[in-house]
Amino acid sequence: MGRRKTGDAISGWIALDKPYGMGSTDAVTKVRRLFNAQKAGHAGTLDPLATGCLPIALGEATKTVPYLVEARKIYRFTIAWGVATATCDREGDVTATSDVRPSPHAVEAALPGFIGEILQVPPIYSAIKVDGERAYDLAREGVAVVLEPRRVSIHSARVADVPDADHITLEIECGKGTYVRALARDLASKLGAEGHVSALHRARVGGFTEPNLISLEKLAELVQNAAGSKALLPVETALDDIPALAITTEEVFRLRQGRSIVLLPRQVEALKTRLQSKADGDASRTVSATSEGSIVALCELRAGRLSPTRVFHPSET
């Protein structure tokens, strides 16, 4: 007999408004314990110094985490001019100083050079592995860390606020793997200045936006009053950019048995049209099969058939 799962079979997403100073893993643990959930995970790590949108998956929602990791994100962050640090944020040791304070106009003029698919060297204080070790662990030990540039996508960037001459707040929309700290470092360098990220807030991850966000305190209050379900968002929230297809009861049965289903030509053409705007590769063939408004399976569209890759069970949704 298999090991019996501990906890409750609860499924859905919590759009946590992560507080300053808390790690993403600690946040997941706290939410899981509040709901006594069997399974939990998160989509997209936020540094302890960052605040904002941390989508936390419970139960069956954990099966959709890989799709949300691919989603676009929106960050608002403040650059403090005049000081560069080893970590590219306010916690690092000072590595350089400068009297240069770039004007908002100069920043706006420089931003287009960072929009599109660009090469970005991650900060040495990052979770990237080098010979099996985390880069930040090696850096803290005084080891010289050299990281290769990576391709990342920044879809938009703008000046959001100018609190004073020493600070500027930017907002960017970007793809996975983008380091805001590296962007601040590189922007300062392009402008002949020194700077670091003094504040960072994630406003959006895919379909999870600021109106969805809930604090740990409010979440604990809801759970204490047996109203925790009010904060749960549907499993499908993570799949907002994946085409959905309503299927029949017989097709539900087949998919849950792990078997593929044959589509009508008009269904195939409709899905192909909706998939054309997605990136190349396997992700561009992913379709969500639904029944009565609930997800049944994530499938791959090939040769006129939908083949299940992840099946969802109604007892846990």
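Looking at 65, 121, 83, which is the one that is in contact with a strand residue (DSSP E or B) (Cβ under 8 Å, 6 or more places away or on another chain), at pLDDT 95 or above, over 19 Å from residue 171 (Cα atoms) and surrounded by fewer than 20 Cβ atoms within 10 Å (Cβ to Cβ)? Sole residue among the options that is in contact with a strand residue (DSSP E or B) (Cβ under 8 Å, 6 or more places away or on another chain), at pLDDT 95 or above, over 19 Å from residue 171 (Cα atoms) and surrounded by fewer than 20 Cβ atoms within 10 Å (Cβ to Cβ): 83. Taking first residues from the range 294-310 that are farther than 13 Å from residue 251 by Cβ and among the hydrophobic types (A, V, I, L, M, F, W, C) and partners that are open to solvent by 30 Å² or more (accessible area, probe 1.4 Å) and not in a strand (DSSP E or B), the Cβ contacts under 9 Å between residues at least 6 apart in sequence or on separate chains come to 295/234; 295/236; 295/317; 298/63; 298/67; 301/272; 301/285. The single residue among 139, 184, 203, 188 that is in contact with an Asp or Glu (Cβ under 8 Å, 6 or more places away or on another chain) and not in a strand (DSSP E or B) turns out to be 188. From the list 200, 170, 183, the lone residue that is open to solvent by 20 Å² or more (accessible area, probe 1.4 Å) and either closer than 25 Å to residue 73 by Cα or acidic (Asp, Glu) (or both) is 200. Between 221, 236, 194, 217, the distinction of being of a type outside the set (S, T, N, Q), open to solvent by 20 Å² or more (accessible area, probe 1.4 Å), under 23 Å from the mean Cα position of the chain (by Cα) and modelled with pLDDT of 95 or more belongs to 217 only.
Looking across the range 124-151, the residues that are more than 12 Å from residue 177 (Cα to Cα) and surrounded by 16 or more Cβ atoms within 10 Å (Cβ to Cβ) come down to 124, 125, 130, 135, 136, 138, 139, 145. Candidates in the range 205-214 are the residues that are buried (at least 20 other Cβ atoms within 10 Å of the Cβ) and farther than 15 Å from residue 31 by Cβ; of these, the one that is farthest from the chain's Cα centre (by Cα) is 206. One residue stands out among those in the range 29-50 that are under 18 Å from residue 127 (Cα atoms), in contact with a Leu (Cβ under 9 Å, 6 or more places away or on another chain) and not acidic (Asp, Glu): the one that is surrounded by the most Cβ atoms within 10 Å (Cβ to Cβ), which is 43.
Pick from the range 4-27 the residues that are in a loop (DSSP other than H, G, I, E, B) and under 20 Å from residue 312 (Cβ atoms): which of them is most open to solvent (accessible area, probe 1.4 Å)? Walk me through it before giving the result.
As a first pass, look at the range 4-27 and keep what is in a loop (DSSP other than H, G, I, E, B): 4-7, 9-11, 19-23.
Subset that is under 20 Å from residue 312 (Cβ atoms): 5, 7, 9-11.
Working: 5: 115, 7: 32, 9: 52, 10: 40, 11: 18 Å².
Among those residues, the one meeting the criterion is 5.
Of the set (1) touching a Pro at 6+ places or on another chain (Cβ under 9 Å); (2) open to solvent by 50 Å² or more (accessible area, probe 1.4 Å); (3) not basic (Lys, Arg), all apply to residue 271 but (2).
Give the residue that is nearest to residue 50 (Cα to Cα), with candidates limited to residues of the range 91-111 that are open to solvent by 70 Å² or more (accessible area, probe 1.4 Å) and part of a loop (DSSP other than H, G, I, E, B). Going through the qualifying residues, I end up with 91.
The values are calculated or read from the model by the stated rules, or taken from the named source; none is laboratory data. Worth saying up front: this structure is predicted, and the values here are computed from it rather than measured. Every residue, glycine as well, gets a Cβ built from its backbone with ideal geometry; the counts of neighbours run over all protein chains shown. All accessible areas refer to the heavy atoms of the entire protein, side chains included, with ligands and DNA or RNA removed. Shrake-Rupley method; radii C 1.70, N 1.55, O 1.52, S 1.80 Å.
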